[in-house]
Every structure is written in structure tokens, then in C-alpha cells.
Amino acid sequence: MAELDRLAFIEVRDGPQAAIDFARRTLGLYRRALLKPRHTFVRPIRVSLHESYHVFKRYLQEHDA
């Protein structure tokens, strides 16, 4: 998945804490976007945001102490 690739890249480039911080920030942004009325996004974009949101959430559950 692309989000996991992004997180792995950040881990290598900037370290694990930077990847955790990125995941935390992006999770918040995506959550706010998903809480907007459904007509704000077309379905494929909304589905993609939802999938990415869950990738970041799982990542934080596994890596955030």
C-alpha cells in the first residue's frame, strides 16, 4: 500500500519518530476530511481517504508507545 511505503520512506530518511509524527498529523487531517458532508468528495476519493485513514491508524497502534 502506498501509505505504508510513505511511512517506510520517512522512517529511513528521518527516523521512526518522524514517521509516527507524520502518521499522527495525517490521520487527523484525513479524519477531519472524512467528517465533512458526503457531497464534499466523490466516492472514489472518499474510499481512498477512508482506506488511508485506517492504514495510519493501524500503523500508530503498532508503533506509537
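When you scan the range 35-58, do you find a residue that is assigned to a helix (DSSP H, G or I), touching a His at 6+ places or on another chain (Cβ under 9 Å), surrounded by 11 or more Cβ atoms within 10 Å (Cβ to Cβ) and not acidic (Asp, Glu), even just one?
no
Scan the range 33-49 and give yes if some residue there is in contact (Cβ under 8 Å) with a residue 40 or more places away in the chain and small (Gly, Ala, Ser), otherwise no.
Scanning the range 33-49, I find no residue that is in contact (Cβ under 8 Å) with a residue 40 or more places away in the chain and small (Gly, Ala, Ser), so the answer is no.
For the range 5-39, name all the residues that are at pLDDT below 95 and more than 14 Å from the chain's Cα centre (by Cα).
Leu35, Lys36, Pro37, Arg38, His39
The values are calculated or read from the model by the stated rules, or taken from the named source; none is laboratory data. Keep in mind it's a predicted model, so treat the numbers as computed, not measured. Glycine also receives a Cβ, built like all others from the backbone with ideal geometry; neighbour counts cover every protein chain displayed.
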